[in-house]
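Written below as C-alpha cells is the structure these notes are about.
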Amino acid sequence: MSRRFLFRLAAAAVFAAAPSLSLSTAAPPNAEAYIIWPHDGTVISGGKFWIRMGLRNMGVCPKGVELPRCGHHHLLIDVELPPLDKEIPNDRNHLHFGAGETDARIELPPGKHTLQLLMGDAKHVPFEPPIYSKKITITVR
C-alpha cells in the first residue's frame, strides 16, 4: 500500500472517531410544533391572554432532562428564528418554558404581534432539523 493511501485511511479513521461538533440534538421523525391558541388573526382585548402550545410525535420535558424524542417550548415574539445551531436566547422576545409548560399566561402591549414556537433540547438548543411552528399574527387592543 502506498504511503498516501495509508495517510488517507488514518485521517478518515480520526474524523470518524471524533465527536460531532454540532450542539444540536437529532429531531424525532415527523415532529411538529404548533400554536393551539390564539389562532392566526385573533384580536385580543386587553394585554393578557393564555397561549396554548401543541406538539406531535415527541414529548415535552423540562430543561436539563435528556430523553430521546423530548424537548421543551420556546415562544418567539416579534422576532425571526434565532441561529439554529446555538442556544436559544432568553429575553422578552424569546420566552423559555423550561419547566415543560404547554400553556402560559403572557402579556403584550397593544398592537400587532407575531408569535412562533421553537422546540429546544435539554440545553435550549434547537433540534436538527429544527422543529418550529408556523408564525402567526395577533392584534392586542
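Kindly evaluate residue 91 against the criterion of being surrounded by fewer than 15 Cβ atoms within 10 Å (Cβ to Cβ), of a type in the set (Asp, Glu) and more than 21 Å from residue 39 (Cβ to Cβ). Spelling it out, residue 91 is indeed surrounded by fewer than 15 Cβ atoms within 10 Å (Cβ to Cβ), of a type in the set (Asp, Glu) and more than 21 Å from residue 39 (Cβ to Cβ). Evaluated against (1) under 14 Å from the mean Cα position of the chain (by Cα); (2) at pLDDT 95 or above; (3) farther than 23 Å from residue 46 by Cβ; (4) charged (D, E, K, R), residue 69 falls short on exactly one condition, (2).
Per-residue answers, yes or no, for (1) on the phi > 0 side of the Ramachandran plot; (2) at pLDDT 95 or above; (3) among the basic types (Lys, Arg); (4) more than 11 Å from the chain's Cα centre (by Cα):
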| position | (1), (2), (3), (4) |
| --- | --- |
| 75 | no, yes, no, no |
| 82 | no, yes, no, no |
| 100 | yes, yes, no, yes |
| 104 | no, yes, no, yes |
| 109 | no, yes, no, yes |
| 116 | no, yes, no, no |
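The residues of segment 63-86 that are surrounded by 14 or more Cβ atoms within 10 Å (Cβ to Cβ) and more than 18 Å from residue 132 (Cβ to Cβ) amount to a single one, 65.
State the number of residues belonging to segment 42-58 that are small (Gly, Ala, Ser) and loosely packed, with under 11 Cβ neighbours inside 10 Å.
Of all residues in segment 42-58, those small (Gly, Ala, Ser) come to 45-47, 54.
Now narrow it down to the ones that are loosely packed, with under 11 Cβ neighbours inside 10 Å: 45-46.
So the count comes out to 2.
Can you pull out the residues in segment 30-41 that are surrounded by 12 or more Cβ atoms within 10 Å (Cβ to Cβ), more than 15 Å from residue 107 (Cα to Cα) and not aromatic (Phe, Trp, Tyr)? If the condition is that a residue be surrounded by 12 or more Cβ atoms within 10 Å (Cβ to Cβ), more than 15 Å from residue 107 (Cα to Cα) and not aromatic (Phe, Trp, Tyr), then 31, 32, 33, 35, 36, 40 are the ones that fit.
Looking for something in contact with an Asp or Glu (Cβ under 8 Å, 6 or more places away or on another chain), farther than 19 Å from residue 134 by Cα and either assigned to a loop (DSSP other than H, G, I, E, B) or of a type outside the set (Phe, Trp, Tyr) (or both) - is there at least one such residue anywhere in segment 87-108?
no
Can you find a residue that is touching a Lys or Arg at 6+ places or on another chain (Cβ under 7 Å), over 12 Å from residue 38 (Cα atoms) and modelled with pLDDT of 95 or more anywhere in segment 127-141? No, every residue in segment 127-141 fails to be touching a Lys or Arg at 6+ places or on another chain (Cβ under 7 Å), over 12 Å from residue 38 (Cα atoms) and modelled with pLDDT of 95 or more.
The values are calculated or read from the model by the stated rules, or taken from the named source; none is laboratory data. This one's a predicted model, so the numbers in the text were calculated from it and none came from an experiment. Counting neighbours? That spans all protein chains shown, and the Cβs are built from the backbone with ideal geometry, glycine included.
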